[in-house]
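What follows is a single structure, and I will ask about it in a moment.
The values are calculated or read from the model by the stated rules, or taken from the named source; none is laboratory data. None of the values given here were measured: they were computed from a predicted structure. In this analysis, Cβ positions are derived from the backbone assuming ideal geometry, glycine residues included, and neighbour counts consider all displayed protein chains.
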Amino acid sequence: MIEQKTTLPYSRNILRIAVGAIFFLPGLIFASWASRIATIQQNLKLTDAGLGGLLFCIPVGLMLSLSVAGWLVNRIGSRRLSMFSLILYSVALIGLGAAPNLPILIACLLCYGFASNLANIAVNTQAVAIEKLYDTPIMASFHGLWSLAGFAGAGIGTFMIGNDIVPFYHFSLVAVLVIIGLLVSWRFLLDDQSPAKSGPAFVLPDRALIKLGIISFCSLICEGAMFDWSVIYFKKVVHAHNAWIAAGYTCAMGAMALGRFIADSFAASYGIKKTLQVSGILTAMGMLIAILFPSLIVAMFGFVLVGAGVSSVVPMVYSEAGRSKTMSPGMALAAVATIGFVGFLVGPPVIGFLSQAFNLRIALLLVVGMGVCVTLLSTRARINS
């Protein structure tokens, strides 16, 4: 880690822009996949339960990366891991669009989940290092760029769906854009590689980090539900016209992006604990409104509240984890992000199974419950800032 500002290869603002760019790129990849899930479900003639089972391949891929994510970021540095993981992520996205059958799609989803976790750890480790160069919190603004990418990806996805462009061409275009963006920004990232770094591939986090991870887990179940089920909800429950089936997703992502750009100042004024409590309340209220009143305008409003609710939880938790006194920032982030990201990826398939057993409206009550849990857990957690 760079301790003195005079040793920086570029100004801190240039470094911040570069890190912001590598937050935008994985957000674009994930949003592109999420916007075409309904298309892939239709093409493969999958039931909601079948789709839920398919989506479970992503957290399995994530689990495969658990033993190496923290070790890799410590050994090769977050800069090099960003390059490797984002290229792998892009290739996996193309594979999802090209997969001709279910077995190949499953293999691509496993690779996709593996790469997504590596990218998540790498970019957040970069963000923690850059945040330490500033006197005010900036972590949420990085995550705001990830959400802004999701908003852009949703818009691109809506265009592709409206013009009957198959996922392969859609995903290939996105992958090319991501790789170009990576090549431009990579040289300006903070080089934190240290050959002297060594240690086990996996270290158990302490109790404080586990609590932060659980809060993130609950919120990311809600966020994952927005990504993977919002389009299907608007199609099957709201009965929106094809041109509007991505409206809920777009509303949630827009609110999430805006919320993250103002979260740093809100937390500075009212504290992280209060920010997390309000976030949980907004999430639960928004999803409940969308479930009880599944008309287009009201459901869109509900999804705005959900997006605003989940917007600040992860950046606040990651920022807190990066200040751990018991583990290096990379290892601490790997522990907390992994716990949380499991919720992000496990939540959607669980909702699929619940939807098959009951219906999608009842299944999404899980999001309401997780929003309540965020508020309760944040109230009981010992958060100093």
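Let's see how each residue does on (1) under 23 Å from Ala152 (Cβ atoms); (2) modelled with pLDDT under 90:
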site: Pro9; (1), (2): no, yes
site: Val19; (1), (2): yes, no
site: Leu28; (1), (2): yes, no
site: Ser35; (1), (2): yes, yes
site: Ala38; (1), (2): yes, yes
site: Thr47; (1), (2): no, yes
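Still on this structure: Might you check whether a residue that is under 23 Å from Val342 (Cβ atoms), assigned to a helix (DSSP H, G or I) and of a type in the set (Ser, Thr, Tyr) occurs anywhere in segment 73-82?
yes
For residues in segment 118-169 being among the aromatic types (Phe, Trp, Tyr) and surrounded by fewer than 20 Cβ atoms within 10 Å (Cβ to Cβ), which is modelled with the lowest pLDDT?
Selected residue: Tyr134.
Go through Leu345, Leu377, Leu333 for me and flag whichever is in contact with a Pro (Cβ under 7 Å, 6 or more places away or on another chain) and either modelled with pLDDT under 95 or among the aromatic types (Phe, Trp, Tyr) (or both).
Leu345
Another question, if that's okay. If Ser269 passes every condition in (1) surrounded by fewer than 19 Cβ atoms within 10 Å (Cβ to Cβ); (2) touching a helix residue (DSSP H, G or I) at 6+ places or on another chain (Cβ under 6 Å) but one, which one does it miss?
(2)
Go through Leu88, Leu96 for me and flag whichever is part of a helix (DSSP H, G or I) and in contact with a Leu (Cβ under 7 Å, 6 or more places away or on another chain).
Leu96
How many residues are out of contact with any Ser or Thr (no Cβ under 7 Å at 6 or more places or on another chain), closer than 23 Å to Gly254 by Cα and among the hydrophobic types (A, V, I, L, M, F, W, C) when one looks only at segment 157-177?
Result for segment 157-177: 4.
Failed condition for Gly248, given (1) surrounded by fewer than 22 Cβ atoms within 10 Å (Cβ to Cβ); (2) at pLDDT 90 or above; (3) closer than 25 Å to Leu366 by Cβ, with all others met?
Just one mismatch for Gly248, condition (1).
Could you grab me the full set of residues in segment 174-197 that are loosely packed, with under 15 Cβ neighbours inside 10 Å and out of contact with any Gly (no Cβ under 9 Å at 6 or more places or on another chain)?
Val176, Ile180, Leu183, Val184, Arg187, Pro195, Ala196
Could you give me the residue pairs with C-beta distances under 9 Å whose first residue belongs to segment 319-335 and is without any contact (Cβ under 8 Å) to a residue 40 or more places away in the chain, whose second residue is of a type outside the set (A, V, I, L, M) and buried (at least 19 other Cβ atoms within 10 Å of the Cβ) wherever it lies, and which are 6+ apart or on separate chains?
As it stands, the answer is Arg323/Pro329, since those pairs meet every condition given.
Any residue that is surrounded by fewer than 19 Cβ atoms within 10 Å (Cβ to Cβ), among the hydrophobic types (A, V, I, L, M, F, W, C) and modelled with pLDDT of 95 or more - is there at least one of those in segment 351-363?
So far as segment 351-363 goes, yes, one or more of its residues are surrounded by fewer than 19 Cβ atoms within 10 Å (Cβ to Cβ), among the hydrophobic types (A, V, I, L, M, F, W, C) and modelled with pLDDT of 95 or more.
How many of the residues in segment 38-52 are touching a Gly at 6+ places or on another chain (Cβ under 7 Å) and either surrounded by fewer than 24 Cβ atoms within 10 Å (Cβ to Cβ) or under 23 Å from Leu182 (Cα atoms) (or both)?
So the first thing to find is which residues in segment 38-52 are touching a Gly at 6+ places or on another chain (Cβ under 7 Å), and the list is 48-49, 51-52.
Going one step further and asking which of them are either surrounded by fewer than 24 Cβ atoms within 10 Å (Cβ to Cβ) or under 23 Å from Leu182 (Cα atoms) (or both), we end up with 48-49, 52.
Residues flagged as touching a Gly at 6+ places or on another chain (Cβ under 7 Å) and either surrounded by fewer than 24 Cβ atoms within 10 Å (Cβ to Cβ) or under 23 Å from Leu182 (Cα atoms) (or both) within segment 38-52 amount to 3.
Could you list, ordered by first residue, the pairs with Cβ atoms under 6 Å in which the first is in segment 261-281 and more than 17 Å from Gly307 (Cα to Cα) and the second is of a type outside the set (Asp, Glu) and outside any helix (DSSP H, G or I), at least 6 apart or interchain?
That search, which allows pairs on different chains as well, returns Ile272/Ile383; Ile272/Ser385; Lys273/Ile383.
With within 13 Å of Ala122 (Cβ to Cβ), in contact (Cβ under 8 Å) with a residue 40 or more places away in the chain, surrounded by fewer than 20 Cβ atoms within 10 Å (Cβ to Cβ) and not charged (D, E, K, R) as the only criterion, which of Val73, Val68 stands out?
On the way: Val73 fails: surrounded by fewer than 20 Cβ atoms within 10 Å (Cβ to Cβ).
Result of the check over Val73, Val68: Val68.
Considering only residues that are surrounded by 18 or more Cβ atoms within 10 Å (Cβ to Cβ) and either of a type outside the set (A, V, I, L, M) or more than 16 Å from the chain's Cα centre (by Cα) (or both), which ones fall in segment 53-62? Explain how you work it out, then say what you get.
Pass one, segment 53-62, residues surrounded by 18 or more Cβ atoms within 10 Å (Cβ to Cβ): 54-59, 61-62.
Matches in segment 53-62: Leu54, Phe56, Cys57, Pro59, Gly61.
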